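Right, one structure below, let's go through it.
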Amino acid sequence: MLGFQHTREWIYPQSIDGAFTRLRRWTFVGLHLMLFVAPWITVRGNPAFLIDLPHRRLFLFGQIFTATDTIFLLLFLLFLAFSLFFFTAVFGRIWCGYACPQTVFLESWIRPLELWIEGDRVRRRRRDAQGWTFDRAWRKAVKWSVFLLVAFLLAMAMMSLFAGARPLWTAQAGTTSYAFVAIFTAVWYVDFIWFREQFCNYLCPYARFQSALTDDESLLISYDVPRGEPRGRGKAAAEAGNCISCSKCVVVCPQGIDIRDGFQLECIQCARCIDACQSVMEPLGHETLVRYSSMAVDEGRRLRRIRPRTVVYGGLLTALASAATVLLLARVPFEATVNRAPGSSFVVDADGWVRNTYLLKITNNDAETSSATYGVTLDGLDGAQVVTEPVVLTSTETRTVPIVIRVPADEASTSRSLAFDVRVQSEQGELLLPATFLTDARVGGATGGSR
């Protein structure tokens, strides 16, 4: 199935130009800008986009998300999943044809380089059919070498999203980062020189479950059978359809399918066949026979964009986006934890006040401010004294400071354990951290404390 059980039937897609091809090129440009440019952009010294796995944080255009923001990751993954459901239900496999990295890299890099080095479809097929000659050997060697360079550049760009563009491209990143670059390079290289469309046909699960995501109203690429059949130039004018059997829609297909045979799982909806048919039919005075349509339209029914499936998916997307927006607006851009100092319980001072010592850890996750000052107050301990040093943190800085809390004897005598909150405040917001103050309700007879 993957080329081992029988001779690999190579696909030589012919170059084509047209409205949809140009639209895809602009889409590819935008995606390449995101991949190659975004990792180099900084916001107040921090990367605009970086998935920092060792420190478990995400830099996203001025916002820093950490492990405590897992709810945003959950909402984002759910939004992606239902976006896939929604857009597939409405537009079919638009992801595969316009945004999938497999399609983007093959159409932006590999096929243009192949055309430049080996020539057009006819010359490539003829040269490969002649066996190994010097002309074929040096062209293959050059092509495969260039493909290796492309695979390396793409691997570096992808790894820049995780290791940072500047450290990675200036040889300052860690060994692990470059090991992953080597792995990504090998994967892309094998894909470029051999696997190609087989990934879409055999490995990608999207083609397999898309039938569950689409219905008769979903957009797909189809052949206009009533206008096109019967096909062929040799038929009488009264009998012949508009299709002249030029097979141009077949030779431009990167998946090697014939769209005239009906809907097929291998179709990635790239619309190259539409541009090909348009280039043939337009000079003949006919509309294209291959076009974006749906099963409902092909059967003469009215197309419904609003239907139960799209309403449910759209409603879920709206709810997820609303929840993320509300949480983001209420989010405090710093983290704080408070814990009792290791090995400590309570101490009764000479003046009768009871003292507990804590460690307060604060992390500034605000990428838009150069520094932030944090104050500490208490809620729930009447008359308590708080002794701590001022905390001033730069962006992404973390500091742990001791907090000494003293409670008067009469307040400490009411209970062995007093619940309270440590309030950490800054200009960006505040956090309430629950804690427990330990006492000896029988002051003067401390068990576990010291004087």
Just to be sure I understand the filter: pairs with C-beta atoms under 6 Å, separated by 6 or more residues or on different chains, first member in the stretch 128-157 and assigned to a helix (DSSP H, G or I), second member of a type in the set (Lys, Arg). Which pairs pass? Arg136/Arg127
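Please state which one of Ser83, Ser15 is among the polar types (S, T, N, Q) and not in a helix (DSSP H, G or I).
Exactly one residue qualifies, and that residue is Ser15.
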If you scan the stretch 242-253, which residues turn out to be in contact (Cβ under 8 Å) with a residue 40 or more places away in the chain and either among the β-branched types (Val, Ile, Thr) or in a loop (DSSP other than H, G, I, E, B) (or both)? Asn242, Cys243, Ile244, Val251, Val252, Cys253
Considering only residues that are farther than 26 Å from Ile183 by Cβ and of a type in the set (A, V, I, L, M), look in the stretch 104-163 and name the one that is surrounded by the most Cβ atoms within 10 Å (Cβ to Cβ). Ile117
Matching option when the condition is over 24 Å from the mean Cα position of the chain (by Cα), among the hydrophobic types (A, V, I, L, M, F, W, C) and at pLDDT below 95, among Ala276, Ala237: Ala237
Does Gly92 satisfy the condition of being in contact with a strand residue (DSSP E or B) (Cβ under 6 Å, 6 or more places away or on another chain) and either over 15 Å from Arg25 (Cα atoms) or not basic (Lys, Arg) (or both)? yes
Among (1) in contact with a Gly (Cβ under 7 Å, 6 or more places away or on another chain); (2) buried (at least 22 other Cβ atoms within 10 Å of the Cβ), where does Cys273 come up short? (1)
In the stretch 336-362, residues that are in a strand (DSSP E or B), in contact (Cβ under 8 Å) with a residue 60 or more places away in the chain and touching a Lys or Arg at 6+ places or on another chain (Cβ under 8 Å) total 9
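Considering Val348, Val290, which residue is buried (at least 17 other Cβ atoms within 10 Å of the Cβ), in contact with an Asp or Glu (Cβ under 9 Å, 6 or more places away or on another chain) and under 30 Å from Gly92 (Cβ atoms)?
Every option except Val290 fails the conditions.
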Evaluate the following for Val297: is it surrounded by 15 or more Cβ atoms within 10 Å (Cβ to Cβ) and either out of contact with any helix residue (DSSP H, G or I) (no Cβ under 6 Å at 6 or more places or on another chain) or in the same structural domain as Ser370 (by TED's automatic domain parsing) (or both)? yes
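Residue by residue, here is whether (1) surrounded by fewer than 13 Cβ atoms within 10 Å (Cβ to Cβ); (2) among the charged types (D, E, K, R); (3) modelled with pLDDT of 90 or more; (4) under 30 Å from Ala212 (Cα atoms) holds:
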| position | (1), (2), (3), (4) |
| --- | --- |
| Val326 | yes, no, yes, no |
| Thr337 | no, no, yes, no |
| Thr357 | no, no, yes, no |
| Ile362 | no, no, yes, no |
| Thr373 | yes, no, yes, no |
| Gln385 | no, no, yes, no |
| Glu389 | yes, yes, no, no |
| Ser395 | no, no, no, no |
| Pro402 | yes, no, yes, no |
Can you tell me how many residues within the stretch 279-311 are closer than 20 Å to Arg24 by Cα, of a type in the set (Val, Ile, Thr) and within 34 Å of the chain's Cα centre (by Cα)? 1
Does Arg406 meet the test of being assigned by TED's automatic domain parsing to the domain that holds Ser344, out of contact with any His (no Cβ under 6 Å at 6 or more places or on another chain), basic (Lys, Arg) and modelled with pLDDT under 90? no
Unmet criterion (only one of (1) in contact (Cβ under 8 Å) with a residue 60 or more places away in the chain; (2) assigned to a strand (DSSP E or B)) for Leu317: (2)
If the requirement is being touching a residue at least 12 places away in the same chain (Cβ under 8 Å) and not polar (S, T, N, Q), which of these qualifies: Arg56, Arg24? Arg24
Selection from the stretch 97-112 of residues that are part of a helix (DSSP H, G or I), within 14 Å of Leu23 (Cα to Cα), within 16 Å of the chain's Cα centre (by Cα) and not hydroxyl-bearing (Ser, Thr, Tyr): Val104
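Residues being more than 24 Å from Leu78 (Cβ to Cβ) and of a type in the set (A, V, I, L, M): count how many of those fall in the stretch 319-348. Steps first, answer last, please.
Going through the stretch 319-348, the residues more than 24 Å from Leu78 (Cβ to Cβ) turn out to be 334, 336-348.
Remaining after also requiring of a type in the set (A, V, I, L, M): 336, 338, 341, 347-348.
Residues flagged as more than 24 Å from Leu78 (Cβ to Cβ) and of a type in the set (A, V, I, L, M) within the stretch 319-348 amount to 5.
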Scan the stretch 20-40 for residues that are aromatic (Phe, Trp, Tyr) and either assigned to a loop (DSSP other than H, G, I, E, B) or surrounded by 17 or more Cβ atoms within 10 Å (Cβ to Cβ) (or both) and jot them down. Phe20, Phe28
Could you tell me whether the stretch 197-217 includes any residue that is touching a strand residue (DSSP E or B) at 6+ places or on another chain (Cβ under 8 Å) and closer than 28 Å to Gln102 by Cβ? yes
Quick test for you: out of Gly256, Gly228, pick the one residue that is surrounded by 18 or more Cβ atoms within 10 Å (Cβ to Cβ), of a type in the set (Gly, Ala, Ser), in contact (Cβ under 8 Å) with a residue 60 or more places away in the chain and assigned by TED's automatic domain parsing to the domain that holds Ala99. Gly228
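The values are calculated or read from the model by the stated rules, or taken from the named source; none is laboratory data. Since this is a predicted model, take the numbers as computed values, not measurements. Quick reminder, even Gly has a Cβ in these numbers, built from the backbone with ideal geometry, and neighbours come from all protein chains shown.
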